[in-house]
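Engineer: I'd like to ask you about the structure that follows.
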Amino acid sequence: MYNLYQSQLRKDIQTIVYEKPSLTVRLFGKDYFAIRKPKSFGPIKADWIQIMGVELPTDRDYVLAELKRIKKELSKEGRHIMLQLWIINEMISFENVSHRSDTFSPDMREMRLNLQKFICKNYGLKVAFRENMPNSNIIIDLSKPDDQLLMEMNPSARQRIKKAFGKKIEFGMAPPDLYKSFYDKRQETSGNKWFNIIPYEQFETLLRYITQKGRGNLFVATIGGEIVSGNVCLYDERNIIYLYGFSDRKFGNIWSHHFLKYKMFSRARDNGFLYCDLMGGAPTGFPEHPLSSVSEFKESLGGIKIEQYGSYDLVLNPVLYNFFKVYHKIRKK
């Protein structure tokens with residue numbers, strides 16, 4: 001699968017739209033695009049560096065040597081807390097439509113916990129206390145016709161989509177005058193706000209940038225001109241990537257979000273896209289994960305779930321790292 005996190009599209013969005021400080025980090029023989037995240041604790045000024053989309057080599061000695069080198073290099077500056085790596089190596093993948101035994105989820109949980117222990121023990125990394133991306137992705141193969149896409153969804157999702165077609169729901173791409181309505185409704189229905197909600201000015205800049213460049217759009221389902229659900233999506237090569245969206249709870253009984261996803265899959269296929277990446281889901285076997293309900297919805301739409309290695313920290317300043325870890329726990333509570 002492609003690597004969105006090291007793509008030119010993501011680099012442009014992070015630097016041009018979000019104006020985040022960035023740098024290039026040479027690691028494992030590749031130049032990785034990284035984000036510098038400034039942190040302030042009273043008079044203390046520090047930052048941590050984040051690289052998403054890292055491919056971990058299989059040669060343990062080589063990995064250890066590279067981590068030692070980059071730690072020495074970054075520690076010279078004295079103000080870096082940690083280097084956070086989101087590792088995209090595949091742990092396992094499976095079809096969401098397939099039958100699974102009662103032991104499947106517990107086995108998956110044990111597999112991930114064992115993997116985390118192995119990585120921490122063998123590479124001196126720590127499991128990230130602040131997850132920069134969920135540890136799994138759900139991918140929809142858009143080469144399939146509509147009836148097959150429906151058949152690979154679970155029965156409940158399939159039934160809801162069929163019911164939604166009986167409602168007066170319209171599907172399309174939102175004009176700029178609906179951007180604010182989408183933003184306000186998503187903010188109202190964001191629940192526990194596991195993801196940060198960017199300021200409206202930044203959100204509008206993002207949409208104008210991707211629409212003008214032909215690199216994405218805002219898809220909406222409307223009733224009488226009112227948005228009832230919506231998705232912000234990116235276009236990268238032959239892939240359409242779902243960033244985030246919402247469904248208005250006032251219209252919860254018309255299943256507009258299921259309808260919207262199905263219509264989006266169909267339109268994307270008809271426009272030459274090969275895959276739809278529904279992005280992050282909860283790791284299988286972790287019902288306590290804050291994205292478990294979101295993941296359940298995405299998995300109900302069929303496709304393949306890819307379990308990845310996930311997020312790990314290379315500690316550069318132990319004192320600041322432990323302080324930041326405690327600070328994050330307090331703030332989260």
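No lab work stands behind these numbers, since they all come straight from the coordinates. Please read all numbers here as calculations on a predicted model, not as lab measurements. In this analysis, Cβ positions are derived from the backbone assuming ideal geometry, glycine residues included, and neighbour counts consider all displayed protein chains.
Engineer: Between helix 155-164 and the chain, what is the angle of the helix's C-alpha long axis to the longest principal axis, kept within 0 to 90° and rounded to the nearest 10?
Structural biologist: That works out to roughly 50 degrees.
Engineer: Okay, moving on. Using a cut-off of 10 Å between beta-carbons, work out the net charge of the residues near residue 124 (Lys and Arg +1, Asp and Glu -1, residue 124 not included).
Structural biologist: Numbers: positive: 68, 71, 121, 126; negative: none.
Net local charge, residue 124 excluded: +4.
Engineer: What list of ³J(HN,Hα) values in whole Hz, one per residue of region 293-308 in order, does the Karplus curve 6.51 cos²θ - 1.76 cosθ + 1.60 (θ = phi - 60°) give from phi, with Gly and Pro shown as x?
Structural biologist: 6, 4, 5, 4, 5, 4, 5, 5, 8, x, x, 10, 9, 10, 8, 10
Engineer: Within 15 Å, Cβ to Cβ, of residue 28, how many net charges do the neighbouring residues add up to if Lys/Arg are +1 and Asp/Glu are -1? The partial results should precede the final answer.
Structural biologist: Working: positive: 26, 30, 60, 68, 69, 71; negative: 31, 55, 59, 61, 66, 73.
For residues surrounding residue 28, the net value is 0.
Engineer: Give me the net charge for the shell around residue 75: Cβ to Cβ below 12 angstrom, other residues only, Lys and Arg +1, Asp and Glu -1. Intermediate results must be reported in sequence, preceding the final value.
Structural biologist: On the way: positive: 68, 69, 71, 72, 76, 79; negative: 73, 77.
With Lys, Arg at +1 and Asp, Glu at -1, the net is +4.
Engineer: Of all DSSP beta bridges in the chain, what percent run antiparallel (nearest 5)? Each step should come with its number before you reach the end.
Structural biologist: Working: 56 of 65 bridges.
Of those bridges, close to 85 percent are antiparallel.
Engineer: Do me a favour and compute the ellipsoid semi-axes for region 165-236 from its Cα gyration tensor, root of five times each eigenvalue, largest one first, whole Å. Don't skip to the end; give the middle numbers.
Structural biologist: On the way: eigenvalues 79, 58, 24 Å².
Working through the eigenvalues yields semi-axes of 20, 17, 11 Å.
Engineer: What do you get for Rg/Rh of the chain when both radii come from the Cα atoms and Rh is the Kirkwood radius?
Structural biologist: Values: Rg = 20.8 Å, Rh = 21.4 Å.
A ratio of 0.97.
Engineer: Sort the following peptides by mean Cβ neighbour count (other Cβ atoms within 10 Å, averaged over residues), highest first: 20-30, 260-270.
Structural biologist: Working: 20-30: 13.9, 260-270: 20.5.
So the peptides 20-30, 260-270, ranked by packing, come out 260-270, 20-30.
Engineer: Tell me the relative contact order for region 251-333 as a rounded percent, counting alpha carbon contacts under 8 Å between residues six or more apart. Present the calculation step by step, with values, prior to reporting the outcome.
Structural biologist: Values: 21 pairs, mean separation 11.8, N = 83.
That works out to 14 percent.
Engineer: Just round it to a whole percent: the fraction of Cα-Cα distances in region 205-303 exceeding 23 Å.
Structural biologist: It works out to 29 percent of all Cα pairs.
Engineer: How do the peptides 144-152, 230-238, 71-79 rank, highest first, by the average count of neighbouring beta carbon atoms within 10 Å per residue? Working shown, then result.
Structural biologist: On the way: 144-152: 14.6, 230-238: 19.9, 71-79: 12.6.
Result, highest mean first: 230-238, 144-152, 71-79.
Engineer: Expressed as a rounded percentage, what relative contact order does the chain have, with Cα pairs under 8 Å and six or more residues apart? Write down the numbers at each step before the final one.
Structural biologist: Values: 541 pairs, mean separation 91.6, N = 333.
Reported relative contact order: 28 percent.
Engineer: With an 8 Å Cα cut-off and a minimum separation of 6 or more residues, compute the relative contact order for region 143-273 in percent. Don't skip to the end; give the middle numbers.
Structural biologist: On the way: 155 pairs, mean separation 37.3, N = 131.
It rounds to 28 percent for region 143-273.
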